[in-house]
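**Q** Next up is a structure, given as structure tokens.
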Amino acid sequence: MIKNKRGRNRNFYQQKKFSENRKGLSPVITTVLLIALVIVIISIIFLWFRGMIEEGVTKFGKNIKLVCDDVEFETSYSSGTLNIVNTGNIPIFSINLKMSQGGNYQTKEITEFNGISWPISGLNQGGTFSGNIDVNSGTDKIIVLPVLIGTSSKGKKTYICEGQYGKELSI
Amino acid sequence: MLLQVNRKKEMGNKKRKILADKCGISIVIGYILLISVSIVMSILVYQWLKTYVPRDTPQCSEGTSVLIKKVLYDCTEENEELNLTIKNNGRFSVHGFFIHVSNKTGEELAVIDISSNVTIEGRLSGNSVVFGGLSDNGLAPGKEETFSFDVREYGNKLVKIEIIPTRIQDVDGKERFISCSDAKVEETITCYIPNQ
């Protein structure tokens, strides 16, 4: 048996080297585990957070909320007939009517009224609409709200512009 | 003795070097992960925030204006026509116009679109009447043009006419059709029978 000055044989060093090599595997596995764990956690947080935030709808490369500010239209109501003219450059896909009756509100889409022939593609530039709408007796005010159509990650989506972009009609 | 101490030191240094090398792999991966995650996150946030940046909306050039110079509402039974002479009294050329009429007295808005009733062929583009070509501003400042519309279906009842000029404008390098709602003109009309 060959022994060195300390009296340790070759097998001792070989064993030590082998055990050192085996210890060396652990940081690699830890790193892989860490990366995998981080990726899994990130994807779980992302999926959870995505459900929390509202989906972004865009039109002409702009958030649809900002596009509502550019909508220009004129409207009038007389003896049961509602008239609308799109005088601006933003197509109006549909119209929502918010009817006020002594402090109570009821909102209806224009196509919900009987006998209304609203254009399928909406009111384009210069487009006009005229139709009879049956409002409940006691209705004192109608707010005409434009509805736009934009694109989202899930395809085409409609968006009802907020109250400040509506036109108020007194009955 | 001194040699043994030196050897020990050497061994220690080698071990440390090996360990340090092993740690180095994880740091590099950590950096790569951090940088790539932050790049991906910033791209996502940028794309989302970009949609909230207000952009200039296509607006008709200020100074665009048209004038209804002459209206002839011919109510002869066999020839019920509306003749309009439109003059460009603005500073920019005009592409065409939207034309809406009303057949109810006292109605605020004119909502009957008669653009498709234009009697001159090739002058209709969508729901607007055009002065020249379909892609140019055909009516230069100071010029005028006359159009005739067949209005038989409305039976002598038209009372008001509204015109909104349109322009073809360059918006972000693209030619776009723009409605000039600020330059809207309206006129009350009354039917007349020639030679009466």
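The values are calculated or read from the model by the stated rules, or taken from the named source; none is laboratory data. These figures come from a predicted structure and were not determined experimentally. When we count neighbours, we look across all protein chains shown, and the Cβ atoms used for this are built from the backbone with ideal geometry, even at glycine.
**Q** Give me a count of the residues in the range B:111-131 that are closer than 20 Å to A:G131 by Cα, within 8 Å of another protein chain (Cβ to nearest Cβ) and in a loop (DSSP other than H, G, I, E, B).
**A** The number of residues fulfilling the criteria is 2.
**Q** How many residues, within the range A:33-78, are free of Cβ contacts under 8 Å to residues at least 40 places away in the same chain, aliphatic (A, V, I, L, M) and surrounded by 12 or more Cβ atoms within 10 Å (Cβ to Cβ)?
**A** Qualifying residue count, the range A:33-78: 6.
**Q** Quick check on my filter: what residues within the range B:80-110 are in contact with a Gly (Cβ under 6 Å, 6 or more places away or on another chain) and at the interface with chain A (Cβ under 8 Å from one of its Cβ atoms)?
**A** Correct list: B:F98 only.
Residues checked against (1) under 18 Å from A:K157 (Cα atoms); (2) over 18 Å from the mean Cα position of the chain (by Cα); (3) not assigned by TED's automatic domain parsing to the domain that holds A:Y159:
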{"position": "A:I35", "(1), (2), (3)": "no, yes, yes"}
{"position": "A:I44", "(1), (2), (3)": "no, yes, yes"}
{"position": "A:W48", "(1), (2), (3)": "no, no, yes"}
{"position": "A:E74", "(1), (2), (3)": "no, yes, no"}
{"position": "A:G80", "(1), (2), (3)": "no, yes, no"}
{"position": "A:G88", "(1), (2), (3)": "no, yes, no"}
{"position": "A:N96", "(1), (2), (3)": "yes, yes, no"}
{"position": "A:Y105", "(1), (2), (3)": "no, yes, no"}
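**Q** OK, next. Need a quick list: strands (runs of 3 or more DSSP E) entirely within the range A:52-171 having at least 2 residues that are closer than 29 Å to B:I161 by Cβ and within 9 Å of chain B (Cβ to nearest Cβ).
**A** Correct list: A:73-78, A:81-86, A:128-132.
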